Every structure is written in structure tokens, then in C-alpha cells.
Amino acid sequence: MKIKETKLKGCFVIEPQVFYDDRGYFYESFHQKKFEQVIGEAINFVQDNQSFSRKGVLRGIHFQKGEYAQAKLVRVLQGKVLDVVVDLRKDSETFGQYETIELSADNKKQLFVPRGFGHGFITLSETSEFAYKCDAPYHKESEGGIVFNDKTLKINWKFPKSEIIVSEKDKELPPLEEPF
């Protein structure tokens, strides 16, 4: 398993060692002790979520605030997405910066998104199944977000803007400049 920190401190790309043979493949998708040794902290995942999306569906940029802030370990089970994380930690030297990575069923990469980050993704393939672990349960009153086309962030979603499909709720999210 290869684990590499991104330019955003605390955010890691995880690439498993995959064993292929004539039957198919096998890989270890998560190992608590190895994972915690690399990221340098104990994580107790308490909730698993999964979504299905069609091409062009953009989900995000979401986060949870306060005591319900969530760290996430995200991956794609089927298809391909462009995954985006935004550092929202006010005391971070990379506050307001973002990182993108293609996650797919083919590359089997995962992304660890620490607490204090916004997260979103867009489906690049015909469909995708997206799965993630969270270290805190969803809490509606603590949810927040940043609009996907924020003028400060200028995220390149690698998809034609006219074809992006966003929920009404996500279209109404505030820009980064507004307090969150």
C-alpha cells in the first residue's frame, strides 16, 4: 500500500497493492493500524455511505461543522470521478486551496479527507458508485457547504459547465468568502 500526502497537510492519497490472477483481483482496501501509523492519529470510522450518480452529476462541496466535523475515507466502486477537497481550516497555511484527484474503479485509489475540509466530486464516466467512511455521524444542523463554482476557488471540474448537474440545494450554497 502506497500512501502519499497531498499539498494539503493531513490529506492523503492511498493506493493499494492489487494482486491479479486469472480469477480476478484481490486487495486490502483498509487496514486500521497501517492507516493510523501513516496519518499519525487514531481514526474511528462510525458510518459508511454510498451514492450512485450518472455522468455530469456534481455532489458538493460539503462539510460538517463543530463537534460533528467529519474525516472521510473516500473511494469509487464503479466508474470514475474527479474528487475535490478544499482546505477550510482557518489556521492552515493552505486555507482556501484545493486539490483534485481522479478516483476510479480501475485505479482503486482512495483519498483521506481530514476534518476541516470541504469535499465534492463529479462523475466523469457514464455512472459511478461512490463509497466513503466517516468518523462522525451525519448531523443536519451541522452541515455546510461552498458553491461548486465559487469565483475565488476557480475549480476546474474537467467537465463542460453547461452539462454539470447540481442539486437545487447545492446551487444555493454560499461562496468561500461568506462565514461558515
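With region 1-50 as the region, which strands (runs of 3 or more DSSP E) entirely inside it contain at least 3 residues that are more than 22 Å from L88 (Cα to Cα)?
Working: elements: 2-5, 12-15, 19-21, 24-26.
Counting at least 3 such residues, we get 19-21, 24-26.
Does S104 satisfy being in contact (Cβ under 8 Å) with a residue 60 or more places away in the chain, polar (S, T, N, Q) and out of contact with any Cys (no Cβ under 6 Å at 6 or more places or on another chain)? Show your work before the answer.
Numbers: in contact (Cβ under 8 Å) with a residue 60 or more places away in the chain: no; polar (S, T, N, Q): yes; out of contact with any Cys (no Cβ under 6 Å at 6 or more places or on another chain): yes.
In short, no.
So A42 clears everything in (1) free of Cβ contacts under 8 Å to residues at least 40 places away in the same chain; (2) within 26 Å of L153 (Cα to Cα); (3) in contact with a helix residue (DSSP H, G or I) (Cβ under 9 Å, 6 or more places away or on another chain) except one condition, right? Which one?
(2)
Would you please name the residue that is surrounded by the fewest Cβ atoms within 10 Å (Cβ to Cβ), looking only at residues in region 141-180 that are among the charged types (D, E, K, R) and closer than 29 Å to S29 by Cα?
First, pick out the residues of region 141-180 that are among the charged types (D, E, K, R): 141, 143, 150-151, 154, 158, 161, 163, 168-172, 177-178.
From what's left, closer than 29 Å to S29 by Cα: 143, 158.
On the way: E143: 14, K158: 10.
Restricting to residues being among the charged types (D, E, K, R) and closer than 29 Å to S29 by Cα, the top hit is K158.
If the requirement is being surrounded by 17 or more Cβ atoms within 10 Å (Cβ to Cβ), of a type in the set (D, E, K, R), farther than 25 Å from N156 by Cβ and under 15 Å from the mean Cα position of the chain (by Cα), which of these qualifies: K80, K108, K133, K72? Working first, answer last.
Working: K80 fails: farther than 25 Å from N156 by Cβ; K108 fails: farther than 25 Å from N156 by Cβ; K72 fails: farther than 25 Å from N156 by Cβ.
When all the criteria are applied, what remains is K133.
Is it the case that some residue within region 128-145 is free of Cβ contacts under 8 Å to residues at least 40 places away in the same chain and among the small types (G, A, S)?
no
Tell me, which strands (runs of 3 or more DSSP E) wholly within region 61-180 include 1 or more residues that are among the acidic types (D, E)? Reasoning before the result, please.
Working: elements: 72-78, 80-87, 98-104, 110-113, 117-123, 127-134, 143-145.
So the answer is 80-87, 98-104, 127-134, 143-145.
All but one of (1) over 15 Å from the mean Cα position of the chain (by Cα); (2) under 29 Å from V147 (Cβ atoms); (3) modelled with pLDDT of 95 or more; (4) not β-branched (V, I, T) hold for D87, so report the exception by its number.
(1)
The values are calculated or read from the model by the stated rules, or taken from the named source; none is laboratory data. As the structure is a computational prediction, the values presented were derived from the model and not from experiment. Methodologically, a virtual Cβ is constructed for each residue, glycine included, from the backbone with ideal geometry; neighbour enumeration extends over all protein chains shown.
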